[in-house]
Amino acid sequence: MVAEVIIDSNVSKLNKTFDYEIPADLNIQIGSRVFVPFGSKKELDEGIVVNIKEKSEYKVKQIAGLQEEQIDDNYIELAKWMGHRYFCNIAECLKLMLPPGRTSKNVNNRIKEKKANCINLAKSKDEIKEAIENKLIKSEKQKRVLEFMLNNDNVTYQDINIFTDATSSVINALVKKGYISKDEVSIERNPLVNESVARTEKLKLTDEQKNAIEQIKNSGEYLIYGVTGSGKTEIYLQLIEKNLLQGKSSIMLVPEISLTPQTVNRFIARFGSEKIAILHSKLSIGERFDEWNRIKNGKAKIIIGARSAIFAPAQNLGMIIIDEEHDESYSSEMSPRYNTIEVAEFISKKFEIPLVMGSATPDMRSFYKAKNNQIKLLTLTKRANNSTLPNVKIVDMRNELANGNKSMISKDLREAIQRNIENNHQTILFLNRRGFSTFVMCRDCGYTVKCKRCNITLTYHKEENKLKCHYCGYEQKVVTECPECHSKNIKFFGAGTQKLEEEVKTMFPTATTIRMDIDSVSKKNSYEEILNEFKDKNINILIGTQMVVKGHHFPNVTLVGVITADTDLNMGDFRASEKTFQTLTQVSGRAGRGNEKGNVIIQTYNPDNYAIEYSKTQNFDLFYNTEISIRKELKYPPFCDIIVINMSSKNKNDLQVSIKNIHSFLKDKVINEKFGVLLYSPVTCPIDKIKDRYRMRILIKCLYDKKMNRLINETMNYFYGQKNNNCRLSVELNPNNML
């Protein structure tokens, strides 16, 4: 017998199967992970068997070894579909379905030590990658350790030993060279080990909730469209309970890691921790590995996690739930650039199970499909506890400036915060910019301090007194003298969450405050600690970025202040209005979820914009009708698909030559084969340089089908067949981020 094997590689030319003879003593099946000799290399390569047949037309080598772990053959089919749809190697998709930190050793080995050496990268990921690419790392074992750490955060010495077979001497050598560091820390492999939550019973449902649950019976797609606080989570809980009674598993996806602790606590309170597994990037690699095994062994029937949890090896899967389905975090921006909802749709159809999505502000494409009866629409119009939607006031910041108020906080918001403090109620202040100042400029010559690797301004972080790039992680000291004109007249412009926190503390010296952004939650469990501290200690004011927008339930929050509602409007993205409306509606929904009436104050320089105006009443239907007519006229999704061909190179001239060749190839194909598409000329990306690489792109508006898929794959094959001077190419279908 002969096995068709996909080699573990992201090299485009290797995106195909290779035949290998199956030894008589090995139990090889579809989905088996194997070791195979490949080419002239001395070391064996890893591969995955995707098909088995009687014989091969070629003279073939023999499979050298078999790993214990294997992939369900249903997921082999999924990986093939993903590779085809998202223009990537099947091997890249298969990696998503492997256990975290895949290993050639016995994956059932568990680490029992209470203390472990925590290993961290001592240099940036880009520096490590460059060192590997430039062959500064000679040792294959050292290289394997660094590659493992590039893909996995929060690793211990034991993790590295199990997953890479590296000894302490290898790790110590890397420490000595300054590539990694190690510290002794306490570890717990069960992320729920310390969770103690009082058990709760299921709540009495409203008529709308009952109707939704009754309708979700069979396979198919369902969209629960409900106002903020309408009880969507209770519907999820009762649907999962039905699943458990039938012996079936459920996958529950949330968009933000910050939502996971709160969601997990509600599920533990209802079902206990034994049945629940959580999967997200803030867990250590060992914790994720153990949770994966609990799922695969059928011990955990409820899987809660972020995007990647869709690939968990759930046994007897009965339902997939995607909360806040509109959120852009469900689209991967790294290869493979998959859309989680599309992957969930594939799995739902494959296993004939329900896919339930929920949102107060659905994605325009999802809502359009629901309006056209392609998916079932279930509507919740009232809040579950009979509380009313908050009062929303829009403040024109132009008037504040005219009246001499140069503060980030308007007069109305300041007075409202003060009343809340006096009444012992809590406030959330939302600003979707982290750091202290968003850019630094010389007031004499106009020079702006930019990242040396990316053509974007550096953000000032006051706590560390550094300028940072939020794209590549580059850092430098604060500039005190202009490098162009040598003026000392350096000014900090714009404002982030750090500056807002400082201003709030000055304005309300007796108030307690806490900040939640990517800088304050870098440590493990910091999400949960901040949210618990805000809730349990009744902190007066929570300042945060988009992490505070979605899904959180704080009964004592009666005021939400949006510091600037215009951030997304200036993105240069056709989804700018949609994202603005979604964000404002979601953040407004954090107010008044308890017994007290909620109030929201939205500060803006564009009060007449329809996205801001409609968010005042949380009128999604009115916003949808306005936005969908604009999309139809301009031929934007859902009336077409957008394919973005991205190219980058360290040499600007090479990039321009290469992308013009690609455009000419596409243009000839479109004309000669009569494609009904809109093919745009190459343009520079809005952010034209990231990580030392210049960026350009080609946009295509089309109705994506098999013919278009063939065209894009032919284009990629043409690109890889040319001499492209280190140019890179990637393709995205309907990307959520057009920057």
Flagged in the stretch 473-493 as among the basic types (K, R) and part of a loop (DSSP other than H, G, I, E, B), in numbering order, are K488
From the option list I630, I643, single residue qualifying as under 26 Å from H326 (Cβ atoms), part of a strand (DSSP E or B) and of a type in the set (A, V, I, L, M, F, W, C) is I643
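The rows are residues; the columns are (1) touching a helix residue (DSSP H, G or I) at 6+ places or on another chain (Cβ under 9 Å); (2) at positive phi; (3) β-branched (V, I, T).
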residue: V587; (1), (2), (3): yes, no, yes
residue: V600; (1), (2), (3): yes, no, yes
residue: N625; (1), (2), (3): no, no, no
residue: Y636; (1), (2), (3): yes, no, no
residue: V644; (1), (2), (3): no, no, yes
residue: N651; (1), (2), (3): no, no, no
residue: I671; (1), (2), (3): no, no, yes
Test: S284 is more than 19 Å from I71 (Cβ to Cβ) and small (G, A, S):
yes
Log entry, pairs with first residue in the stretch 264-277 being over 16 Å from G305 (Cα atoms), second being buried (at least 18 other Cβ atoms within 10 Å of the Cβ), beta carbons closer than 6 Å, six or more apart or on different chains, reads R270/L237
Subset of the stretch 703-731, residues of a type in the set (F, W, Y) and within 19 Å of R337 (Cβ to Cβ), comes to Y704, F719, Y720
For strands (runs of 3 or more DSSP E) lying entirely in the stretch 360-472, having 2 or more residues that are in contact with a strand residue (DSSP E or B) (Cβ under 6 Å, 6 or more places away or on another chain), over 30 Å from R631 (Cα atoms) and of a type in the set (F, W, Y) picks out none
Per the filter on the stretch 572-596, residues assigned to a loop (DSSP other than H, G, I, E, B) and buried (at least 23 other Cβ atoms within 10 Å of the Cβ) are G589, R590, A591, G592
Within the stretch 597-640, the residues that are surrounded by fewer than 17 Cβ atoms within 10 Å (Cβ to Cβ) and touching a residue at least 60 places away in the same chain (Cβ under 8 Å) are K597, Y605, T617, L634, K635, P637
Checked E400, E324, E345, E328 against criteria (under 15 Å from the mean Cα position of the chain (by Cα) and on the phi < 0 side of the Ramachandran plot); the one match is E328
Of the listed residues (I48, I90, I76, I63), the one being farther than 24 Å from A314 by Cβ and surrounded by 14 or more Cβ atoms within 10 Å (Cβ to Cβ) is I63
Looking at this structure, is L389 surrounded by fewer than 23 Cβ atoms within 10 Å (Cβ to Cβ) and either among the acidic types (D, E) or touching a helix residue (DSSP H, G or I) at 6+ places or on another chain (Cβ under 7 Å) (or both)? no
Of (1) at pLDDT below 85; (2) touching a Pro at 6+ places or on another chain (Cβ under 9 Å), V549 fails just (2)
Picked from the stretch 682-739 (must be among the hydroxyl-bearing types (S, T, Y) and touching a residue at least 60 places away in the same chain (Cβ under 8 Å)), the residue surrounded by the fewest Cβ atoms within 10 Å (Cβ to Cβ) is Y720
From the option list S308, S273, single residue qualifying as over 22 Å from I213 (Cβ atoms), at pLDDT 85 or above and not in a helix (DSSP H, G or I) is S273
- Task: For F289, state whether it is farther than 28 Å from T580 by Cα, crowded, with 23+ Cβ neighbours inside 10 Å and not hydroxyl-bearing (S, T, Y).
- Result: yes
Taking the stretch 346-359 and keeping only residues that are of a type outside the set (G, A, S) and in contact with a strand residue (DSSP E or B) (Cβ under 8 Å, 6 or more places away or on another chain), one is left with I347, F351, I353, P354, L355, V356, M357
Practice item. Taking Q238 as the residue in question, decide whether it is in contact with a Gly (Cβ under 9 Å, 6 or more places away or on another chain) and outside the structural domain of N619 (by TED's automatic domain parsing). Key: no
Any residue at all in the stretch 513-527 that's of a type in the set (A, V, I, L, M) and either assigned by TED's automatic domain parsing to the domain that holds D327 or at pLDDT below 80 (or both)? yes
Restricting attention to the stretch 652-674, does a residue exist that is touching a Lys or Arg at 6+ places or on another chain (Cβ under 6 Å) and surrounded by fewer than 19 Cβ atoms within 10 Å (Cβ to Cβ)?
no
Selection from the stretch 668-689 of residues part of a helix (DSSP H, G or I) and among the β-branched types (V, I, T) yields V670, I671
The residue that is farthest from V34 (Cα to Cα), considering only those in the stretch 53-82 that are touching a Gly at 6+ places or on another chain (Cβ under 7 Å) and of a type in the set (A, V, I, L, M, F, W, C), is I76
Taking the stretch 415-466 and keeping only residues that are in contact with a Lys or Arg (Cβ under 6 Å, 6 or more places away or on another chain) and more than 30 Å from M696 (Cβ to Cβ), one is left with I428, F436, R443, H461
Scanning the stretch 127-183 residue by residue, the ones that are in contact with an Asp or Glu (Cβ under 9 Å, 6 or more places away or on another chain), in a loop (DSSP other than H, G, I, E, B) and at pLDDT 85 or above total 2
Within the stretch 26-69, residues within 32 Å of the chain's Cα centre (by Cα), part of a loop (DSSP other than H, G, I, E, B) and of a type in the set (K, R) come out as none
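The values are calculated or read from the model by the stated rules, or taken from the named source; none is laboratory data. As the structure is a prediction and not an experimental result, all values here were calculated from the model. Positions of Cβ are backbone-derived with ideal geometry, glycine not excepted, and every protein chain shown enters the neighbour counts.
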